[in-house]
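The values are calculated or read from the model by the stated rules, or taken from the named source; none is laboratory data. Everything numeric in this text was worked out from a predicted model, so none of it was measured. When we count neighbours, we look across all protein chains shown, and the Cβ atoms used for this are built from the backbone with ideal geometry, even at glycine. With ligands, DNA and RNA removed, areas are computed over all heavy atoms of the protein, side chains included. Shrake-Rupley method; radii C 1.70, N 1.55, O 1.52, S 1.80 Å.
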Amino acid sequence: MERKEIEELVRRRITEKLKRTGKEYIVAANWKMNMSAKETKRFLDQMNETEIPQYLKTIIFPPYPYLYIFQKMLRYSRIAYGAQDIAKEEKGAYTGEVSADMLADMGCSYTLTGHSERRGYYAETPQIVGEKTKAALAHGITPVICIGETLEERQSGTYKEILRLQLDAVSAEAEINSCIIAYEPVWAIGTGVIPKMSEIAGTHEFIHSILVSCGGASEKTAPILYGGSVNEKNVNDIASVDYVDGFLIGGASLKAESFGKILKLLSVD
Ligand code: PGA
């Protein structure tokens with residue numbers, strides 16, 4: 001397909017989806033442990049100048065220490081922001097943790113839970129992810145729950161069981177359809193490798209079917225974002241896939257120029 005045709009298809013798909021579901025299209029940025037205070041301010045200065053279409057919900061997840069910059073600089077902006085992690089406990093002797101109340105104080109309306117780096121490097125079990133998700137919802141913070149399989153699980157064909165297990169553990173604790181899901185194959189994160197479009201389509205459809213079985217009428221299910229090596233070159237292709245309701249972007253969200261370009265590519269008007 002020609003580039004122009006793909007762009008047209010993306011526009012049609014996004015417009016149809018918005019009409020059908022009434023949901024926003026979500027583009028989220030996960031900065032991980034990157035950026036400085038100075039870079040954050042520069043990024044926000046540039047973002048404040050960027051025109052973002054009404055239907056595009058833009059959410060940025062900076063490191064904790066820079067949340068105050070968002071709170072200060074984004075008061076009148078339409079960009080939302082949130083934390084990369086949240087404590088499952090309410091308060092008390094939990095050195096190094098940050099509670100839902102504290103995040104709400106910093107103006108966070110979203111938080112990530114269960115990012116594969118937290119699951120992998122900090123031994124967060126599916127149950128812990130469920131409890132963190134529950135803590136966020138209890139304080140009016142919308143969780144973006146990250147799920148995904150390793151390359152080994154994809155190749156051995158067990159990935160569906162893994163994804164189901166990750167989702168079931170959350171829905172045992174919390175109303176999963178009040179959250180946002182980010183499907184991020186671990187093998188696609190930061191590697192420059194993305195799944196085939198047919199793999200993304202099949203997996204998103206599978207996740208959607210689990211969300212339906214968790215009690216959502218089809219239109220009321222949680223949006224499903226795709227994450228893992230998304231950039232300006234592949235975003236339109238992935239956006240044209242069914243059941244992709246937006247993106248969670250790491251590396252390509254660290255520069256206002258490339259992030260702004262991605263937002264522009266997803267503009268349908
Ligand atoms: P990436 O990261 O876009 O750099 O692959 C995505 C993520 O881990 O959320």
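Among Arg164, Arg11, Arg42, which one shows the biggest mean-square fluctuation in a GNM of the chain, springs joining Cα atoms closer than 10 Å? Looking only at Arg164, Arg11, Arg42, the biggest GNM fluctuation is shown by Arg42. Around the Cα centre of segment 81-197, unit charges on the Cβ atoms of Lys, Arg, Asp and Glu (plus for the first two, minus for the last two) sum to a dipole of about 300 debye. Alpha-carbon geometry of the chain: the Rg and the Dmax are 17.5, 58 Å, given in that order. With the whole protein complex present, Met106 retains an accessible surface near 60 Å², based on a 1.4 Å probe. Distance between the pseudo-spin-label points of Asn48 and Gln71 (7 Å out from Cα toward the beta carbon): 1.8 nm. Extension gain, Val212 to Lys264, is 15.6 nm, computed as 0.36 nm per intervening residue step minus the present C-alpha separation.
Computed over protein heavy atoms with a 1.4 angstrom probe, the accessible surface ordering of Lys220, Lys17, largest first, is Lys220, Lys17. The distance between label points at Asn234 and Lys255 comes to 1.8 nm (points 7 Å beyond Cα on the Cα→Cβ vector). The mean sequence distance of close C-alpha pairs (under 8 Å, at least 6 residues apart), as a share of the length of the chain, puts its relative contact order at 21 percent. With every protein chain in place and a 1.4 angstrom probe, the accessible-area ranking of Phe61, Phe206, largest first, reads Phe206, Phe61.
Between the residues Leu74, Gly227, Val241, the greatest Cα displacement towards the positive end of the dipole of the chain, with unit charges on the Cβ of Lys, Arg, Asp and Glu, is found for Leu74. Across segment 131-138, computed HN-Hα scalar couplings (Karplus, 6.51 cos²θ - 1.76 cosθ + 1.60, θ = phi - 60°) run 5, 5, 4, 4, 4, 5, 4, 5 Hz from first to last residue, x flagging Gly and Pro.
Here's the list of aspartates and glutamates a cross-link from Lys132 could span, going by alpha-carbon distance under 16 Å and ignoring same-chain residues fewer than 8 apart: Asp85, Glu89, Glu90, Glu97, Asp101, Glu117, Glu124, Asp168, Glu173, Glu175.
Packing-based ranking of 225-233, 117-125 yields 225-233, 117-125, ordered from highest to lowest mean Cβ neighbour count within 10 Å. Taken as Cα centroids, segment 87-157 and segment 252-269 sit 26 Å apart, rounded to the nearest whole angstrom. The magnitude of the dipole of segment 3-265, with charges of +1 and -1 set on the Cβ of Lys/Arg and Asp/Glu and taken from the Cα centre, is near 780 debye. Straight-line cross-link reach from Lys38 at under 19 Å between alpha-carbon atoms covers these aspartates and glutamates, not counting any fewer than eight positions away in the same chain: Glu49, Glu257. Here the extension length gained between Glu175 and Glu97 equals 25.7 nm, from 0.36 nm per residue of separation less the Cα-Cα distance.
With every protein chain in place and a 1.4 angstrom probe, the accessible-area ranking of Thr191, Thr142, Thr58, largest first, reads Thr191, Thr142, Thr58.
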